[in-house]
Amino acid sequence: MPRVYIRTFGCQMNVYDTGKMRALLGERGYEPTDDMAQADLIIVNTCSVREKPEHKVHSFLGDAFRVKRSRGALVAVTGCVAQQEGTHLLDRYPQLDLVMGPDAVPRIAELVDEARRRPLAETRFLDGDRYVFADAIDPDAEHGVGGFVTIQKGCDNKCTFCIVPATRGPELSRPSAEVVAEVRALVERGVKEVTLLGQNVNSYGLKTPGERTFAQLLRAVAEVPGLVRLRYTTSHPRDMGPDVVAAHRDLPVLARHLHLPVQSGSDAVLRRMKRFYTRDDYLRLVDALREAVPDIALTTDFIVGFPGETDADFEATMDLLDRVGFHGSFSFKFSARPGTPALKLLDRGEAVPPEVAQARLERLQARQRELSLAAHQAMVGREVEVLVEGPSRHDEGVVAGRTSDFKMVNFPGSLDLVGRLVRVRVTRAFTNSARGERVEA
Ligand code: SAM
Ligand code: SF4
Ligand code: F3S
């Protein structure tokens, strides 16, 4: 049996696409392997959202080509760098066999066959009539407590810093019947928690006459028997309407957590990012969510050092961080991406000096660590319900899982608890997790 090794960088979309590739190649007789040296097909599924992850692909390829030389493996680059670079990658790496963008994932098996005959780059975007979401289920899904389901591909927004619209193409919603069927198929395989994926889930269905809205989709998925928890990402604050807020209030299966990327707390920066909401809009949305679900935990993304960001702009971001009291955040220094509108701001000399951006990032992250610790400290002494995901990464005889509000909790227990909801009393708090003891039923 031929063996396939897939290395995945980037976001959950790529993790999901990797699962689809594993499934579709499995139908062609490929067996997954964790050892690249044993592989007959090596795939690197890439990310280009910032410069750093983009660089990873180039160092990875050096290792892949060594395996190619020793056992004739076929080497493929998929994902966002593949889409962005296309045939340039084939020019730069004569040993490369296949370059293929995210839209080609459903056709991976035939493209691999074709690439055996000649090097190939496939980076066309397919529109609604020609694109078919793959329905094959990742064979690894059976081993996981959580699973992803894509509800939409691409993005129609034009946030000025972002390369994703260029790498993932126009937004297209997946038919809701397919989404519900895939959730059901995962749950039948033992998955307990499903995360719905899209770049802008709140605009789900709006371009397709007769399709469910995102709020209606949440209600339909919530009815799948056996589903323990439902999450979704990513939500654009501009498009999150009262119907989605109401779904959070009404659906017990929907996690008491929302990742709601704000990017900046300054209206001037938000305007130049073309995010189309103000900090007050964002704060009003937070109030509405908290009215619907008082203990909802919020996490976010921040970019610091966006071109033209002043000290006052950054202070507005720090102020927003405190005002909302995010339980966690991902924060990044602005990274100039090829072809994005923000490059024009750099041309006008508005770049923030790297040492200033670095200092801002460190300040923001230090404050976030305090807020995250405080959020975990507030759990101490309380009983929480943990969906056990697997063994703790640090301690023998300890298992780890998450609460509905996305807190990682470790507690002594055996692996037969994996996949079960367990009541735990929290005894200690850390920045990124809590520790506890099982409360016997
Ligand atoms: N669609 C999601 C949204 O609208 O929030 C985000 C998708 S993006 C893959 C994930 C995060 O990467 C963004 O929220 C942003 O904070 C960050 N990001 C995107 N482009 C970036 C850039 N050029 N430099 C730094 N961070 C960036
Ligand atoms: Fe990028 Fe904005 Fe689309 Fe998110 S909504 S993927 S940040 S363009
Ligand atoms: Fe990266 Fe593409 Fe996701 S750029 S973050 S893998 S959509």
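The values are calculated or read from the model by the stated rules, or taken from the named source; none is laboratory data. These numbers were taken from a predicted model, which means no experiment stands behind them. Virtual Cβ from ideal backbone geometry, glycine too; neighbours counted across all protein chains shown. Each accessible area value is taken on the protein alone, full model and side chains, heavy atoms only, with ligands, DNA and RNA left out. Shrake-Rupley method; radii C 1.70, N 1.55, O 1.52, S 1.80 Å.
Annotations
- Answer from D347, D301, D322 - the residue that is in contact with a helix residue (DSSP H, G or I) (Cβ under 9 Å, 6 or more places away or on another chain) and either in contact (Cβ under 8 Å) with a residue 12 or more places away in the chain or among the acidic types (D, E) (or both): D322
- Filter pass, M13 being part of a helix (DSSP H, G or I) and either within 14 Å of ligand 1 (Cβ to nearest atom) or not assigned by TED's automatic domain parsing to the domain that holds L96 (or both): yes
- Residue that is nearest to ligand 1 (Cβ to nearest atom), among those in the stretch 160-177 that are within 15 Å of T123 (Cβ to Cβ) and in a loop (DSSP other than H, G, I, E, B): I163
- Within the stretch 164-173, considering residues that are surrounded by fewer than 23 Cβ atoms within 10 Å (Cβ to Cβ) and in contact with a strand residue (DSSP E or B) (Cβ under 9 Å, 6 or more places away or on another chain), the one nearest to D140 (Cα to Cα): R168
- In the stretch 197-253, the qualifying residues are those that are in contact with a Lys or Arg (Cβ under 8 Å, 6 or more places away or on another chain) and basic (K, R), and the one that is most open to solvent (accessible area, probe 1.4 Å) is R238.
- Verdict on G26 being open to solvent by 30 Å² or more (accessible area, probe 1.4 Å) and on the phi > 0 side of the Ramachandran plot: no
- Condition check for T46: within 26 Å of R337 (Cα to Cα), open to solvent by 40 Å² or more (accessible area, probe 1.4 Å) and of a type outside the set (K, R): no
- Among the residues making up the stretch 99-148, those that are in contact with a Lys or Arg (Cβ under 6 Å, 6 or more places away or on another chain), within 17 Å of V183 (Cβ to Cβ) and crowded, with 17+ Cβ neighbours inside 10 Å are F133, A134, D138, A141, V145.
- Filtered residues of the stretch 1-23 (kept if of a type in the set (D, E, K, R) and open to solvent by 30 Å² or more (accessible area, probe 1.4 Å)): R3, R7, R22
- Some residue of the stretch 37-46 being more than 19 Å from the chain's Cα centre (by Cα) and at positive phi: no
- Filter result (touching a strand residue (DSSP E or B) at 6+ places or on another chain (Cβ under 9 Å), free of Cβ contacts under 8 Å to residues at least 40 places away in the same chain and either farther than 18 Å from F326 by Cβ or within 16 Å of ligand 3 (Cβ to nearest atom) (or both)) within the stretch 233-277: T234, S235, A247, L251, V253, L254
- Scanning the stretch 408-440 for residues that are open to solvent by 10 Å² or more (accessible area, probe 1.4 Å) and in contact with a Ser or Thr (Cβ under 8 Å, 6 or more places away or on another chain) turns up M408, N410, T431, N432, R435, E437.
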